[in-house]
Amino acid sequence: MAVYSFHNKTAVITGAGTGIGYEIARQLALSGASVLLNDIDAGLAAQAAESIRLQGGNCLTLPGDSSSLDVISQMVKTAVREFGRLDFAVANAGITTFGSFLDYAPEQFRRLVSVNLQGSFFLAQAAARQMASQGAGGRILFMSSVTGHQAHPNLAAYGMTKAALEMLVRSLGVELAPHGITVNAVTPGATLTERTMRLEPDYQATWDRLTPTGATSTPADIAHAALFLLSDNARQVTGQSLVVDGGWSAASPAP
Ligand SMILES: NC(=O)c1ccc[n+]([C@@H]2O[C@H](COP(=O)([O-])OP(=O)(O)OC[C@H]3O[C@@H](n4cnc5c(N)ncnc54)[C@H](O)[C@@H]3O)[C@@H](O)[C@H]2O)c1
């Protein structure tokens with residue numbers, strides 16, 4: 001059952017063919033928002049949008065690399081052309097590359113920074129320009145990670161990008177407030193997605209054990225927090241990072 005009503009609201013979301021992004025797109029659309037769904041994998045984007053439409057949501061796709069300035073511009077233009085306006089931008093696309101600091105390659109670094117930071121930064125800029133021109137406020141959401149708060153071996157570059165996003169959230173929360181635009185991050189801990197479960201067969205058992213609530217988060221848990229931050233109820237919440245990790249980061253036990 002939908003908790004919020006997002007009728008007459010429109011959203012763009014990156015990296016939403018699967019995982020956390022898909023679930024946010026799905027919950028937004030089933031709460032009444034018109035959603036433009038992006039993924040670098042065009043087949044996955046089409047499949048995700050079709051699944052959302054079959055469940056009764058309004059969802060179109062704009063496939064492409066979310067770090068491309070051209071794709072970002074097309075996303076905002078398409079949302080405005082098809083839906084008439086833009087209210088929400090969710091910079092969800094992010095890649096996780098594990099690697100020892102001593103061996104980390106420049107090409108890995110450039111790609112990680114390009115997707116996690118450049119894509120997020122310029123989606124926010126394009127969306128904020130559109131929202132400011134509409135004059136009715138808006139919501140921008142970034143997807144961070146507890147890895148941006150706690151140090152993890154072999155995740156230096158990834159953690160650095162997520163910590164940077166959290167500083168961006170605070171800066172934009174202040175800079176865009178006069179336009180009525182709130183800017184926040186959702187900060188997941190270990191979350192069960194096809195990717196995390198594929199990478200580590202024991203993922204759920206390990207994180208159920210390490211998480212104070214006894215349960216690893218699901219994409220639905222992360223999406224519930226995202227929808228709150230996008231809702232009118234969160235009008236006074238800006239420049240913040242909402243951690244959703246079942247209490248893991250209160251003590252941060254190592255896996
Ligand atoms: N799953 C977790 O445990 C976890 C924890 C903390 C933070 N996060 C963050 O949440 C976000 C989503 O994570 P997830 O686990 O759902 O990811 P995922 O890997 O399951 O899905 C990511 C989707 O993004 C797409 N994508 C990748 N690069 C892209 C690009 N350049 N342009 C457009 N689409 C692209 C992929 O094709 C995929 O469909 C990421 O920013 C990630 O860093 C995830």
Residue match in the range 235-249 (condition: over 12 Å from Ala190 (Cβ atoms) and assigned to a helix (DSSP H, G or I)): no
Selection status of Ala93, at pLDDT 95 or above, aliphatic (A, V, I, L, M) and touching a Leu at 6+ places or on another chain (Cβ under 9 Å): yes
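Going through Phe88, Phe83 one at a time, which residue ends up being away from the ligand (no atom under 11 Å from the Cβ), closer than 23 Å to Arg26 by Cα, touching a residue at least 40 places away in the same chain (Cβ under 8 Å) and buried (at least 24 other Cβ atoms within 10 Å of the Cβ)? Step through it out loud before you land on a result.
On the way: Phe83 fails: buried (at least 24 other Cβ atoms within 10 Å of the Cβ).
Only one candidate qualifies: Phe88.
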Flag for Val113 being in a helix (DSSP H, G or I) and within 15 Å of the ligand (Cβ to nearest atom): yes
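This table checks each residue for (1) on the phi < 0 side of the Ramachandran plot; (2) modelled with pLDDT under 95.
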site	(1), (2)
Thr182	yes, no
Leu192	yes, no
Glu200	yes, yes
Thr211	yes, no
Ala223	yes, no
Val244	yes, no
Gly247	no, no
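Can you tell me which residue is surrounded by the most Cβ atoms within 10 Å (Cβ to Cβ) among those in the range 176-197 that are within 15 Å of the ligand (Cβ to nearest atom) and more than 15 Å from Gly94 (Cα to Cα)? I'd like the intermediate steps shown before the answer.
As a first pass, look at the range 176-197 and keep what is within 15 Å of the ligand (Cβ to nearest atom): 184-197.
Those left that are additionally more than 15 Å from Gly94 (Cα to Cα): 184, 192, 197.
Numbers: Asn184: 27, Leu192: 20, Met197: 13.
If we take residues in the range 176-197 being within 15 Å of the ligand (Cβ to nearest atom) and more than 15 Å from Gly94 (Cα to Cα), then Asn184 is surrounded by the most Cβ atoms within 10 Å (Cβ to Cβ).
Would a scan of the range 124-133 turn up a residue that is under 20 Å from Gly148 (Cα atoms) and either in contact (Cβ under 8 Å) with a residue 60 or more places away in the chain or part of a helix (DSSP H, G or I) (or both)?
Going residue by residue through the range 124-133, those that are under 20 Å from Gly148 (Cα atoms) are 124.
From the residues that got through so far, the ones that are either in contact (Cβ under 8 Å) with a residue 60 or more places away in the chain or part of a helix (DSSP H, G or I) (or both) too are 124.
Yes: one or more hits.
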Scan of the range 59-77 for residues that are assigned to a helix (DSSP H, G or I) and in contact with a strand residue (DSSP E or B) (Cβ under 6 Å, 6 or more places away or on another chain), ordered by number: Met75
Lone unmet requirement of (1) of a type outside the set (Asp, Glu); (2) at pLDDT 95 or above; (3) away from the ligand (no atom under 12 Å from the Cβ) for Asn38: (3)
Single match in Ile24, Ile52 (criterion: part of a helix (DSSP H, G or I), farther than 22 Å from Gln134 by Cα, near the ligand (Cβ under 10 Å from one of its atoms) and modelled with pLDDT of 95 or more): Ile24
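Under the condition of being of a type in the set (S, T, N, Q) and more than 9 Å from the ligand (Cβ to nearest atom), which residue from the range 198-217 is farthest from Leu141 (Cα to Cα)? Write out each step before concluding.
Within the range 198-217, the subset of a type in the set (S, T, N, Q) is 204, 206, 211, 213, 216-217.
Then drop every residue that is not more than 9 Å from the ligand (Cβ to nearest atom), which leaves 204, 206, 211, 213.
Numbers: Gln204: 27, Thr206: 29, Thr211: 25, Thr213: 26 Å.
Going through the qualifying residues, I end up with Thr206.
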Contacts under 7 angstrom Cβ, first residue in the range 145-158 being within 13 Å of Ala190 (Cα to Cα), partner at pLDDT below 95, 6 or more apart: Gln150/Ser252
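Can you go through Gly137, Gly173 and tell me which one is of a type outside the set (Ser, Thr, Tyr), under 26 Å from Asp70 (Cα atoms) and surrounded by fewer than 18 Cβ atoms within 10 Å (Cβ to Cβ)? Walk me through how you get there before you give the answer.
Numbers: Gly173 fails: surrounded by fewer than 18 Cβ atoms within 10 Å (Cβ to Cβ).
Selected residue: Gly137, the only one of Gly137, Gly173 that is of a type outside the set (Ser, Thr, Tyr), under 26 Å from Asp70 (Cα atoms) and surrounded by fewer than 18 Cβ atoms within 10 Å (Cβ to Cβ).
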Residue match in the range 19-30 (condition: surrounded by 24 or more Cβ atoms within 10 Å (Cβ to Cβ), of a type in the set (S, T, N, Q), farther than 22 Å from Val71 by Cα and within 19 Å of the chain's Cα centre (by Cα)): yes
Residue selected from the range 149-193 under the condition closer than 14 Å to Thr96 by Cα and in a helix (DSSP H, G or I), by the criterion nearest to the chain's Cα centre (by Cα): Lys162
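When you scan the range 198-220, how many residues do you find that are assigned to a helix (DSSP H, G or I), touching a helix residue (DSSP H, G or I) at 6+ places or on another chain (Cβ under 9 Å) and surrounded by fewer than 21 Cβ atoms within 10 Å (Cβ to Cβ)? Full working, then the answer.
Residues of the range 198-220 that are assigned to a helix (DSSP H, G or I), as a first pass: 198-199, 203-210, 219-220.
Now restrict to residues that are touching a helix residue (DSSP H, G or I) at 6+ places or on another chain (Cβ under 9 Å): 203-204, 207, 210, 219-220.
This time we only want the ones that are surrounded by fewer than 21 Cβ atoms within 10 Å (Cβ to Cβ), so: 203-204, 210, 220.
Summing the residues that are assigned to a helix (DSSP H, G or I), touching a helix residue (DSSP H, G or I) at 6+ places or on another chain (Cβ under 9 Å) and surrounded by fewer than 21 Cβ atoms within 10 Å (Cβ to Cβ) in the range 198-220 gives 4.
The values are calculated or read from the model by the stated rules, or taken from the named source; none is laboratory data. Predicted, not measured: the structure shown is a model, and the values here were computed from it. Here the Cβ is made from the backbone with ideal geometry for all residues, glycine too, and neighbour counts use every protein chain on show.
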